Amino acid sequence: MKPLPPVPEAEIVVEGQHVRLHNLHKVFWPDLGLTKADLVNYYLQVSPYLLPYLKGRPFIMKPYPDGAPGRSYYRWEIPDYAPAWVHRWRYQPRTEERTIDMVVVEGLADLVWVVNQACIEMHPWLSRRDDPLHPDLALLDLDPGPGASFTDALRVAVWLHELLERTGTRSYAKTSGRKGVHVLVPVERRYSFREVRDWARAVAGRLADEHPDLVTGARTAEARRGRVLVDYAQNGLGKSIASAYSVRATREATVSAPLTWDEVEQGQVRPEHFTLLTVPERLRGVGDLLAPLAEGQLLPDMGAPRSSASA
């Protein structure tokens, strides 16, 4: 689609649906002078790469009504004013008796609609609506604690990749878009979330045992100081992930960008290298580095979870 014109309001036709866009002139990134229109234009450009990671997955909305520096909130239930054509999935949370309708971003019209709700970030589940109890992705979130750096997270990602390779397990890296690194492991949809989380916890424990000076699986402040947390806790029903190619609500308008393992090993990349302004051109050059995620795999036995990974 053509870029949006610099006007406050617009109506565009997407996949046969009329989508009314508002407040396009609102500045979402004051330091960069980027507006809501710039955000919509970014998602229009990257939608062929982004949509495969959103389709079929329950989606948690996270509006930023005042832009990236402002407040935000999570919204699970689709608002009453949403057009009837927006795809949705009925879900009953374990802690509630009532059911709720959640957004499912199945196509470009859904995507444009959620971005118009000031959803800067894309937060899909790790499982799909047709089988929500069995994830097809495992996430290991490498989060530098106080005194550790993004470079440290890259080092840990290399060690993690090597550990998984020794067990014949494919893995893929991307920046979180903030200060850490996400390592994704495609899995066959035969495991429960508990099984995937226990496996990820065992991986975190094994890595912490091999590299205790820089790696921890424990979430306590003392354990995290100067180390990179290998966080396995997002592997749970109803938990979401910042999707690949999602913009993050940071000062630099960073994007969660897939990396090659060569880039990770060289250790020269930084989160701010991948932004709303730079990622479309990168995609034209390297394509979708996460495309093989579509192929699931069996999880190897990593042994019992280690004590060093306990929260």
(request) Pop out the ³J(HN,Hα) list for the stretch 193-204 in order, Karplus 6.51 cos²θ - 1.76 cosθ + 1.60 with θ = phi - 60°, rounded to Hz; leave Gly and Pro as x. (result) 4, 4, 5, 5, 5, 5, 4, 5, 5, 5, 4, 4
(request) Quote to one decimal, in nm, the extra length available between N23 and E272 on full extension: 0.36 nm per residue of separation minus the C-alpha distance between them. (result) 87.0 nm
(message) I need the phi-derived Karplus couplings for the stretch 99-115: 6.51 cos²θ - 1.76 cosθ + 1.60, θ = phi - 60°, integer Hz, Gly and Pro marked x.
(response) 9, 10, 9, 9, 5, 10, 7, 8, x, 5, 4, 4, 4, 4, 5, 5, 5
(request) Search the structure for amide H atoms under 5 Å from the amide H of V228, placed 1.01 Å from N in the peptide plane, and list their residues when 5 or more places away or on another chain. (result) G145, V215, T216
(request) Take the stretch 81-234, drop everything but the C-alpha atoms, weight them equally and run the Debye formula without solvent; then report log10 I(q)/I(0) at 0.09, 0.12, 0.16 Å⁻¹ to two decimals. (result) -0.37, -0.63, -0.97
(request) Please work out whether the stretch 131-311 counts as rounded, prolate or oblate from its C-alpha gyration tensor, where a ≥ b ≥ c are the square roots of the eigenvalues and a/c under 1.5 means rounded, while otherwise a/b larger than b/c means prolate and anything else oblate? (result) oblate
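Would you list R71, R248 from fewest to most Cβ contacts within 10 Å? Kindly include the intermediate steps, with their values, before the conclusion.
Values: R71 8, R248 23.
Starting with the residue having the fewest Cβ neighbours, the order is R71, R248.
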(request) Take the alpha-carbon positions of the stretch 1-124, form their convex hull, and give its projected area averaged over all directions (one quarter of the hull surface) in nm². (result) 7.9
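With 10 angstrom as the radius, rank V40, V27 by how many other C-beta atoms surround their C-beta, starting from the fewest. Spell out each step's value before the answer.
Working: V40 22, V27 16.
Fewest-to-most ranking of V40, V27: V27, V40.
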(message) For a protection proxy built on the mean count of beta-carbon atoms within 10 angstrom, sort 207-217, 226-236 highest first, please.
(response) 226-236, 207-217
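Would you mind counting up the charge near A242? Only other residues with Cβ under 14 Å from its Cβ, with Lys and Arg at +1 and Asp and Glu at -1.
+3
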(message) If you average the C-alpha positions of the stretch 128-153 and of the stretch 14-45 separately, how far apart do those two centres end up, in angstrom?
(response) 28
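With the cut-off at 1.5 for a/c, could you classify the stretch 190-255 from its C-alpha gyration tensor as rounded, prolate or oblate?
Since a/c reaches 1.5 but b/c is at least a/b, the shape of the stretch 190-255 is classed as oblate.
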(request) Quickly rank 49-58, 259-268 as a protection proxy: mean count of other C-beta atoms within 10 Å, highest first. (result) 49-58, 259-268
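Every number in this text was worked out from the coordinates using simple rules, so none of it is lab data. Note that the coordinates shown come from a computational prediction; the quantities given were computed from them, not determined experimentally. Every residue, glycine among them, receives a Cβ derived from its backbone with ideal geometry; neighbour counts consider all protein chains shown.
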